[in-house]
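Chemist: Let me give you the structure first, and then I'll get to my questions.
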Amino acid sequence: VDVLRGLFSNVLGLGSSEKVLDELSLESVARYINSGKCKNIICMVGAGISTSAGIPDFRSPETGLYANLQKYNLPYPEAIFQIDYFKNHPEPFFALARELYPGQFKPTICHYFIKMLKDKGVLRRCYTQNIDTLERVAGIKGDDLIEAHGTFYTSHCVKLLCKKEYDLDWMKEKIFSDEIPKCEKCSSLVKPDIVFFGESLPTRFFTTMKMDFPLCDLLIVMGTSLQVQPFASLIGRYSTSSLSSISNLIVFICFCLQADPILGLLGFGGGMDFDSENAYRDVAQISTCDDGCLALADLLGWKAELEELVKNEHARIDSEDKQENPGGSEGAAVKGAAVKGAAAKGAAAKGAPASAEPKSKAEE
């Protein structure tokens with residue numbers, strides 16, 4: 001199928017070349033957003049938007065989670081997110097979950113930039129690969145959010161005939177009590193609703209993308225190398241040599257969707273083209289995710305507002321934490337341990353991207 005897409009879009013020249021941007025630059029993207037013509041922005045985000053919160057990434061050499069799981073005595077690093085392995089050996093996953101549990105980290109500038117897009121009325125949807133729930137903490141939730149790889153927000157019994165649901169607080173109590181969560185109804189394992197290797201992505205991911213992408217007039221991709229399927233297929237089911245397998249190297253990509261109607265009917269996407277002589281649409285901004293968002297916010301005239309939002313929201317979160325844990329929390333201690341470990345080393349190595357990217361059965 002990819003060969004046929006390439007044939008139609010490149011050899012036969014059926015792709016649209018109509019320019020939406022006056023030049024391939026971040027400045028032009030900002031002008032497009034401010035023009036009033038850009039009303040349906042979709043954000044695709046991955047591990048890199050959470051790195052500055054202190055959450056280690058997965059695949060970076062030496063600093064990623066997969067490179068620092070020796071203490072769990074796994075047969076191979078990915079086993080910690082393998083559904084069959086989890087059912088027989090749940091201890092490593094829940095030990096890791098305690099280190100990285102949602103509620104111990106604050107959203108980043110990227111998360112609040114996406115929230116600003118929502119508040120400005122131009123965000124159609126945010127599609128995230130992350131399971132850290134920081135989008136929800138920043139105020140991006142409900143209909144605005146597609147958690148493609150699931151979430152810690154809810155959990156379910158793994159037994160097919162039971163499937164009893166549990167909330168975040170119930171799971172947190174079990175994890176921080178060093179208990180393996182067991183169903184109160186049938187005594188089977190209870191697993192957070194994140195997508196493990198061997199599981200399918202949420203149905204909503206597939207149904208919503210069919211509605212969203214035909215209407216999308218700007219796609220912002222941050223913190224993902226677009227190596228994981230089927231999430232990466234959202235951009236047109238293309239791979240490109242411009243993308244690195246290390247996600248923190250491609251941390252901010254903006255590109256406008258102007259697909260040819262004929263190609264749309266045939267189901268062919270456009271791929272990404274940043275620097276060829278035929279490039280007309282895609283813009284790459286290579287920087288940290290937070291710096292990329294600040295740069296675009298500055299060009300939009302939103303920088304001061306964004307910085308104030310981050311400052312106020314972080315202060316609110318800190319205040320709530322102090323009220324809940326006046327003497328200092330166990331969660332704070334755990335967060336410190338995580339940051340001192342792989343996360344701190346990741347920051348030292350140019351800030352590797354964060355948040356889990358377990359693959360589904362369809363992705364393998």
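Chemist: Are any residues in segment 177-222 modelled with pLDDT under 90, of a type in the set (A, V, I, L, M, F, W, C) and more than 18 Å from the chain's Cα centre (by Cα), and if so, which ones?
Modeler: Correct list: 211, 215, 216.
Chemist: Still on this structure, I have one more. Which condition breaks for residue 132 when tested against (1) in contact with a helix residue (DSSP H, G or I) (Cβ under 6 Å, 6 or more places away or on another chain); (2) acidic (Asp, Glu); (3) surrounded by fewer than 16 Cβ atoms within 10 Å (Cβ to Cβ)?
Modeler: Among (1) in contact with a helix residue (DSSP H, G or I) (Cβ under 6 Å, 6 or more places away or on another chain); (2) acidic (Asp, Glu); (3) surrounded by fewer than 16 Cβ atoms within 10 Å (Cβ to Cβ), the lone unmet condition for residue 132 is (3).
Chemist: Another question, then. Give the residues of segment 18-38 that are surrounded by 14 or more Cβ atoms within 10 Å (Cβ to Cβ) and part of a loop (DSSP other than H, G, I, E, B), sorted by residue number.
Modeler: Scanning segment 18-38 gives 20, 21, 24, 25, 38.
Chemist: Among the residues of segment 158-176, count how many are at pLDDT below 95, open to solvent by less than 80 Å² (accessible area, probe 1.4 Å) and outside any loop (DSSP other than H, G, I, E, B).
Modeler: 6
Chemist: Consider only pairs whose beta carbons are under 6 Å apart and that are at least six residues apart or on different chains; among these, list those whose first residue lies in segment 119-139 and is farther than 20 Å from residue 218 by Cα and whose second residue is open to solvent by 20 Å² or more (accessible area, probe 1.4 Å) and modelled with pLDDT of 95 or more.
Modeler: Partner pairs satisfying both residue conditions: 138/115; 139/115.
Chemist: Only residues that are in a loop (DSSP other than H, G, I, E, B) and in contact with a Gly (Cβ under 7 Å, 6 or more places away or on another chain): list them for segment 215-227, please.
Modeler: Those that are in a loop (DSSP other than H, G, I, E, B) and in contact with a Gly (Cβ under 7 Å, 6 or more places away or on another chain): 223, 224.
Chemist: Between a first residue in segment 188-211 that is assigned to a helix (DSSP H, G or I) and a second residue that is modelled with pLDDT of 90 or more, which pairs have beta carbons less than 8 Å apart while being 6 or more apart in sequence or on different chains?
Modeler: 204/146; 205/127; 205/146; 205/148; 208/125; 208/146; 209/127; 209/146
Chemist: Quick one: count up the residues across segment 58-89 that are aromatic (Phe, Trp, Tyr) and at pLDDT below 80.
Modeler: Residues in segment 58-89 being aromatic (Phe, Trp, Tyr) and at pLDDT below 80: 3 in total.
Chemist: Checking residue 110 against (1) open to solvent by 10 Å² or more (accessible area, probe 1.4 Å); (2) in contact with a helix residue (DSSP H, G or I) (Cβ under 8 Å, 6 or more places away or on another chain); (3) not aromatic (Phe, Trp, Tyr), only one condition comes out false. Which one?
Modeler: For residue 110, the exception is condition (1).
The values are calculated or read from the model by the stated rules, or taken from the named source; none is laboratory data. Quantities reported herein were computed from a predicted structural model and do not represent experimental measurements. Reconstructed Cβ throughout: ideal geometry from the backbone, glycine too, with neighbour counts over all protein chains shown. Ligands, DNA and RNA are stripped out before the accessible areas are found, and what is left, the full protein with its side chains, is counted by its heavy atoms. Shrake-Rupley method; radii C 1.70, N 1.55, O 1.52, S 1.80 Å.
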